[in-house]
Structures are given as structure tokens and as C-alpha cells.
Amino acid sequence: MNEDWQQALKASITRPQQLAELFSFDPRPLEAVADRYPMRITPHYLSLIKAVGDPIWRQCVPDSRELIDVGLVDPLGEDNLSPVPSVIHRYPDRVIFLVSGSCASYCRFCTRKRKVGCREMTLSFRDLRDGIEYIANTPQIKDVIFSGGDPLLLPDSVLGDLLARVHAIPHVEIIRIGSRVPVTLPERITDKLCQLLKRFSPVYLNTHFNHPRELVPAATEACAKLADAGIVLGNQTVLLRGINDQPEILTDLFRRLLRNRVRPYYLHQMDLVCGTEHFRTSVDVGLNVMKSLRGPVSGLASPYYVIDLPGGKGKVPLVPDDVVREGNKLLIRTRSGEQVEYSDYKSGS
Ligand SMILES: *Cc1c(COP(=O)(O)O)cnc(C)c1O
Ligand code: SF4
């Protein structure tokens, strides 16, 4: 009874050793990394890798540098913002609803990497029920963001049931879904799924393309199907050192997303998460990208460059002029006008 996408997911590789049968490299140092932070690469995403260390490889293959613990365990202070385990409530009118603990492929730079794919993230039926109850009892919530993990790894029946329950809450105005499956498991975007999502309109789906090479026909066709079903598509990109930290790469990515009816929404500065230090860039890199987009490129292709300030202070769009530099310290003006000190990433430190 398994659907094609479930078969594809089952055929994913989960150990460095399996990768060594396809590429020439030494998998042994990576086994310990995969023990600590789970590895999974779908057949589709694997097919995008052309060489060891290329921009696709680096996003999904474990790296020994992940075991170097610099950064914070919970940099965004999310653990303090959870009224129930499946809900993160930081802003008055919207919540993140954690509905799935796993992803099609595990991104090595993931902000929730200490949780996704691990037992800690396993959500019980009761957690989901408590989440829906919390949303139903909190009238200021107008926007529910299905997240995880990847919500689209849930079977249609479970996903449909959760969507129906949230959609039926009178004060909930829109539903958002954050999912990387258009990039990593495009088979998941079936006609049946699109019909299901369409029932709960307005649905906004933010996906996660990081590099132009991910925009292959299978992925763009998945996006087209969703757009045809009336799902409004956005994209969140993470600024990743050595992968997409050049203005030309991101300009190309954003333009091509627009052509595929996907609006670039956020460009994220890397969070200060343990085991992701080797992906971090300086804030100046992101500001430069934003400067190079301003003017030459359609405003529609220009996302907000956001930093999620540590300690639960929230996401702040960085505009080149809102940042004052004092050596390695940045003074960043938040939306409420507060100046927050931020210690910039310095390479080699
Ligand atoms: C990012 C985020 C949201 C959504 O924020 P938008 O700026 O509206 O996209 C909601 N809740 C939390 C906790 C978040 O981190
Ligand atoms: S798909 Fe999202 S939640 Fe899953 S590993 Fe990648 S970044 Fe993390």
C-alpha cells in the first residue's frame, strides 16, 4: 500500500558507507558524525550530487567538523516559548506547530539538528492534540505554521486530519507549511496531496531551495503542481559558506525561483547552533548580497535578509543601514527600535 514517495524515502541512504560505494572518499571518520546527527539522503537529492564536496554534497553529507561544538544548544530560546511541546509561540498572532519529527533528507546546517530525526523530536498523538487545543483556546492566533521536521512526511490521512482540525478553528485565518520536500523528495507532491491542500485554502507553503542546481525539472514540476492548486509558494534560503555565499549564485537562484512562481521570502543568516560553525558566514556577506540585489534585480526576487537574534529576541530583517559596526561587535536595530549587540562571526576564531 506504500505510495511511490514512501518507496523513494525507504530507498534513501543513511550511512556514509553506502555513499562510499558511489564516490571515492573515506567514509570512516563520518560514521561517528552520522551516529550523533542522523543522515538521510533521498535518491532524488543523491542524484543531484556530481562530485565529492560540491554544493549538494555539503548540504547533506556529514562532515567531521560537525563534532566541534561551538554555538548554543538552543540559540533561539525556543524551549522557553513552548506552552505545549508541539507549539512555539513567540509572536502574538502566529505559532509554529511542530507536527513531524523527521525530514526526507537531513540538512547538515539545520537549526533544529539536535532534534530532527532523533527520539527527542518524536511527537505523540497527545502532543498534537494538546497543540490543537492550545491553538483553539488562544484567540489571538491567526496564522498557524506547520513545521517540524517536515510536515509533508506525514501520510495524507494524518496530515489531512491535522489540517482539517486547525482549519476549523474560527480565529485561524491562514495556514502555512514549511517543507523541503519539493527540493529533496519531489515525488511527495502528488496530485492527491495538492487536492488535499487546496481544501484548506488559503495555504502558504514555504520551501527551501539553497542553490540553483536544486532547481531541476522534478523539483520545478512539483512547485508548478502546488502553484496550480492555488498554494502560494515562498522560499527560505540559508546563507551557507562555500555553498551559496556569492551574489551571483543567489541572484541566479532568486531569479529562477520567481520564474517558477516561488517568491524568495527570507535569506537566513545561520543561527548559532552547535555543529554548524563551518557553514557560518559573516553578516557582511549577506549585506553585500542584499546590496547587489537592490536596483539591478526585480524587487520580487529580493528576500528579506533576516537574523534570528539569540535569546528569543526574534527575527529581524537586516537592511544595510540598520547595522552599526564596532569592531567585531554589531549594533543591530530591532523593529521596536531597541539596539541589540551581536557578536559577528569572525573566520578563524
Ligand atoms: C520565524 C518564526 C515565525 C514566522 O515569522 P514570519 O516572520 O511571520 O514568517 C513564527 N514563530 C516563530 C517562533 C518563528 O521563529
Ligand atoms: S528540511 Fe528543514 S528541518 Fe529538516 S533538516 Fe533540513 S533544515 Fe532541518
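In table form, for the structure just shown:
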item	result
Matching residues, the stretch 111-124, being open to solvent by 30 Å² or more (accessible area, probe 1.4 Å) and assigned to a loop (DSSP other than H, G, I, E, B)	Thr111, Arg112, Arg114, Lys115, Gly117, Cys118, Thr122, Leu123, Ser124
Inter-residue pairs, beta-carbon under 6 Å, first away from ligand 2 (no atom under 16 Å from the Cβ) and at pLDDT 95 or above and in the stretch 192-214, second in a helix (DSSP H, G or I) and open to solvent by 40 Å² or more (accessible area, probe 1.4 Å), 6+ apart	Cys194/Lys225; Phe200/His167; Pro212/Asp252; Pro212/Arg256
Every residue from the stretch 75-105 that is in contact (Cβ under 8 Å) with a residue 40 or more places away in the chain, in a loop (DSSP other than H, G, I, E, B) and not hydrophobic (A, V, I, L, M, F, W, C)	Pro75, Gly77, Pro83, Pro85, Ser86, Pro92, Asp93, Ser100, Gly101, Ser102, Ser105
Checklist (1) away from ligand 1 (no atom under 16 Å from the Cβ); (2) over 14 Å from the mean Cα position of the chain (by Cα) applied to Cys107, failing item	(2)
The stretch 172-222, subset over 20 Å from Asp252 (Cβ atoms), part of a loop (DSSP other than H, G, I, E, B) and away from ligand 1 (no atom under 16 Å from the Cβ), residue most open to solvent (accessible area, probe 1.4 Å)	Arg199
Single unsatisfied condition, Phe254 versus (1) in contact (Cβ under 8 Å) with a residue 24 or more places away in the chain; (2) open to solvent by 10 Å² or more (accessible area, probe 1.4 Å); (3) of a type outside the set (Ser, Thr, Tyr); (4) over 24 Å from Tyr342 (Cβ atoms)	(2)
Answer from Leu30, Leu76, Leu48 - the residue that is within 16 Å of ligand 1 (Cβ to nearest atom), farther than 22 Å from Leu162 by Cβ and crowded, with 21+ Cβ neighbours inside 10 Å	Leu76
Filtered residues of the stretch 34-68 (kept if under 28 Å from Met121 (Cα atoms) and of a type in the set (D, E, K, R))	Asp35, Arg36, Arg40, Arg58, Asp63, Arg65, Glu66
Residue within the stretch 77-95 that is within 27 Å of Trp57 (Cβ to Cβ), within 16 Å of ligand 2 (Cβ to nearest atom) and either basic (Lys, Arg) or within 18 Å of the chain's Cα centre (by Cα) (or both) present	no
Odd one out for Ile231 among (1) surrounded by 18 or more Cβ atoms within 10 Å (Cβ to Cβ); (2) under 30 Å from Arg65 (Cβ atoms); (3) more than 17 Å from the chain's Cα centre (by Cα)	(2)
Answer from Gly131, Gly117 - the residue that is on the phi > 0 side of the Ramachandran plot and of a type outside the set (Asp, Glu)	Gly117
Any pair with Cβ under 9 angstrom, 6 or more apart, that starts in the stretch 151-180 at a residue that is of a type in the set (S, T, N, Q) and ends at one that is part of a helix (DSSP H, G or I) and within 16 Å of ligand 2 (Cβ to nearest atom)	Ser179/Pro151; Ser179/Leu152; Ser179/Leu153; Ser179/Arg188
Answer residue from the stretch 59-73, given it is farther than 15 Å from Ser105 by Cα and β-branched (Val, Ile, Thr) and is least open to solvent (accessible area, probe 1.4 Å) among those	Val70
Subset of the stretch 128-171 [open to solvent by 30 Å² or more (accessible area, probe 1.4 Å) and either charged (D, E, K, R) or within 23 Å of Tyr37 (Cα to Cα) (or both)]	Arg129, Asp130, Glu133, Lys142, Asp161, Arg165
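The values are calculated or read from the model by the stated rules, or taken from the named source; none is laboratory data. Treat the numbers as computed from the prediction; the structure is a model and nothing was measured. Every residue, glycine as well, gets a Cβ built from its backbone with ideal geometry; the counts of neighbours run over all protein chains shown. With ligands, DNA and RNA removed, areas are computed over all heavy atoms of the protein, side chains included. Shrake-Rupley method; radii C 1.70, N 1.55, O 1.52, S 1.80 Å.
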